[in-house]
1. Where does each of Lys57, Lys118, Lys9, Lys196 land when they are ordered by accessible area, with a 1.4 Å probe and the largest first?
2. Sticking with the crude label model, points 7 Å out along Cα→Cβ, report the distance from Phe150 to Lys180 in nm, one decimal please.
3. Can you grab the distance from the C-alpha centre of the range 88-127 to the C-alpha centre of the range 1-33, Å, no decimals?
4. Among DSSP beta bridges lying fully in the range 12-141, give the percent that are antiparallel, nearest 5.
5. Given H placed 1.01 Å from N in the peptide plane, which residues other than close sequence neighbours of Phe103 have an amide H under 5 Å from its amide H?
6. How many nm separate the modelled label positions at Lys78 and Lys117, each set 7 Å beyond the Cα in the direction of the Cβ?
7. Less than 17 Å from a label point 7 Å out along the Cα-to-Cβ axis of Asn163: which backbone N atoms in the range 5-25 qualify, by residue?
8. With a cut-off of 8 Å between alpha carbons and a minimum separation of six or more residues, what is the relative contact order of the range 63-105 in percent?
Amino acid sequence: MSFDKNWEKLVYKQSLQINQYPFDWIVSSTFNQIKRFNKKKVLELGCGTGNNLRFFKDLNFKEIIGVDGSKTAIKLAKKNIKSKKIKLIQNDFSKINFKSNYFDLIVDRGSITHNPKKEINQIFDKLYKFLKKDGLFFSTIFSSRHYGNFIKIKNKSFKDEINSKEGLTSSFFNQREIKKQFSKFKIISLQLEEKKSLIPHNRKNSAWWLIISKK
């Protein structure tokens, strides 16, 4: 298992996906569930340039850790955040190691879904161990209805978006697969979010699973 280096070469080095603000679903979900958190230790996988991490800092989470495989993303995050409360780690998801039963919250904003399905199973096993009992896992994952699922070649999608013939490793899930993937967890909320552009009209309809689960 290894980090798809096209994220470094074709996305972050090209100044793509440099998000400045926290993802709205992460914000609303955190506020809805915040009473569940105790000492509030959070881990974000695929933290990018740190937009969600700054949000957790503003909420006074005790310990905040962000992991991303991209050297450029971590460098930009360190430049943007400048806080001793936030620890940033450049690493593959497959190589991270934390204490068991440690985190109150683990966040995945569309990062795990950019791995092969077999390897996603292994990542989920790790995350389950890292979470405290009753700890929460927020995850957004591509639905099989997403337009990227219909243009993929050998698990690679989004070639036009990054202007490359190589594309990005991506996995798409139907509802049955999602429930199986989260079988170790208790699903608290499962939503399918679909967006279709009517003006201007195009066929690139996006579809995401938004999942809140707990250990």
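1. Of Lys57, Lys118, Lys9, Lys196, the descending order of accessible area is Lys118, Lys196, Lys9, Lys57.
2. 2.4 nm
3. 14 Å
4. Of the beta bridges lying entirely in the range 12-141, close to 0 percent run antiparallel.
5. Leu131, Lys132
6. The modelled label-to-label distance comes out at 3.8 nm.
7. 6-18
8. Normalised by residue count, the contact order of the range 63-105 is 48 percent.
The values are calculated or read from the model by the stated rules, or taken from the named source; none is laboratory data. None of the values given here were measured: they were computed from a predicted structure. Backbone-built Cβ (ideal geometry, glycine too); neighbour counts: all protein chains shown. Just the protein is used for accessible areas: all its heavy atoms, side chains included, with ligands, DNA and RNA removed. Shrake-Rupley method; radii C 1.70, N 1.55, O 1.52, S 1.80 Å.
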